[in-house]
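J.: Could you have a look at this structure, given as structure tokens, before my questions?
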Amino acid sequence: QVQLVESGGGLVQAGGSLRLSCVASGIIFKATVMGWYRQAPGNERELVATITSGGYINYADSMKGRSTIARDNAKNTVYLQMNNLKPEDTAVYYCYGVLSGMNYWGKGTLVTVSS
């Protein structure tokens, strides 16, 4: 059974930092790509950062220079370190994985950035 469980969201002041964690169960860490998306109310879900099994990393333009995605296979965990957070970053952040053409999603963790 594949399961992705996020944690680390919360309330942070503008300019602050958060580290999101996604703990994976099952075989999801054989996924070709894992990463993070986010969705704010009324908006479409959008890419934050992804990392492939081969180590290729892609960041949204708005995240470049502010975020770092990493995997720890020993802990079956993928991380997203976010710095210099802005109110525009407020959203539900979802852990994401692709395995054999199937998309998997966590339930999300809410990040709220106050001004």
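The values are calculated or read from the model by the stated rules, or taken from the named source; none is laboratory data. All values reported here derive from a predicted model rather than from experimental measurement. Every residue, glycine as well, gets a Cβ built from its backbone with ideal geometry; the counts of neighbours run over all protein chains shown. All accessible areas refer to the heavy atoms of the entire protein, side chains included, with ligands and DNA or RNA removed. Shrake-Rupley method; radii C 1.70, N 1.55, O 1.52, S 1.80 Å.
J.: Roll a 1.4 Å probe over the protein chains and send me the accessible area per residue for the chain in Å².
T.: Values: 6150 Å² over 115 residues.
Per residue, the chain has an accessible area of 53 Å².
J.: If you don't mind, there's one more thing I want to ask. Return the whole-Å distance between the Cα centroid of region 56-91 and the Cα centroid of region 1-46.
T.: That distance is 9 Å.
J.: Nothing charged except the Cβ atoms of Lys and Arg (+1) and of Asp and Glu (-1): what's the magnitude of the dipole of region 52-115 about its Cα centre? Round to the nearest 20 debye. Before the final figure, lay out each step's value.
T.: Details: 6 positive and 4 negative charges, 24 e Å.
For this selection, approximately 120 debye.
J.: What fraction of the DSSP beta bridges in the chain is antiparallel, stated in percent and rounded to the nearest 5? Could you put the intermediate results ahead of the total?
T.: Numbers: 40 of 44 bridges.
Here the share of antiparallel DSSP bridges comes out near 90 percent.
J.: Could you work out how far apart the two model spin labels at Leu47 and Leu11 are, taking each label as a point 7 Å from the Cα in the direction of the beta carbon, and quote it in nm?
T.: Placing both labels 7 Å along Cα→Cβ, they lie 3.4 nm apart.
J.: Right, something else. When the convex hull of the C-alpha atoms of region 1-55 is computed, what volume per residue in Å³ does it have?
T.: On the way: hull volume 6.4 nm³, N = 55.
Looking at region 1-55, the number lands at 117 Å³ per residue.
J.: Can you pull the percent of the chain's accessible area that's carbon plus sulfur, 1.4 Å probe, other chains left in place? Mind dumping the intermediate values first?
T.: Values: 2990 of 6150 Å².
The C+S portion of the solvent-accessible surface of the chain is 49 percent.
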